[in-house]
1. Mind listing the phi-derived Karplus ³J(HN,Hα) values for segment 28-33, rounded to whole Hz, using 6.51, -1.76 and 1.60 with θ = phi - 60°, and x for any glycine or proline?
2. Any idea what angle helix 48-57 forms with the longest principal axis of the chain, computed on alpha-carbon atoms, 0 to 90 degrees, nearest 10?
3. For the chain, what mean projected area does the convex hull of the alpha carbons give, in nm²?
Amino acid sequence: MKKNNKKIKITIDKKKCIGCGSCTILCPDVFELGKDGKSQVKNTDGNIEEIKSAAESCPVKAIKIEE
Ligand code: SF4
C-alpha cells in the first residue's frame, strides 16, 4: 500500500461528527475515536486513498482534506 508522502492537512469538524466510527474503520492508521466519542486525527501519515475514502464515507461530511 502506498503511503501518503505529501504533507496533507486533515481537519475534523467535531461539531458535525456524530461518532459513527466509519472513518476509523476505513482508515484506522489515521482516524481514531477520542474520549469525547468523536473522531480525531492520530497521525496524518496514512494511505491517501484510504483517507479520501474515509472522508467520502462520513455521513455528515465532517472530514476535510487539503492537499
Ligand atoms: S465518519 Fe464522520 S461522523 Fe463518523 S466518526 Fe468519522 S468524522 Fe465522525
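1. Going residue by residue, I get x, 5, 10, 10, 9, 8 Hz, with x marking Gly and Pro.
2. The answer is roughly 30 degrees.
3. Values: hull surface 15.5 nm².
The directionally averaged projection comes out at 3.9 nm².
Values in this text are rule-based calculations from the coordinates and carry no lab data. Bear in mind the structure is a predicted one, so any value in this text is a computation, not a measurement.
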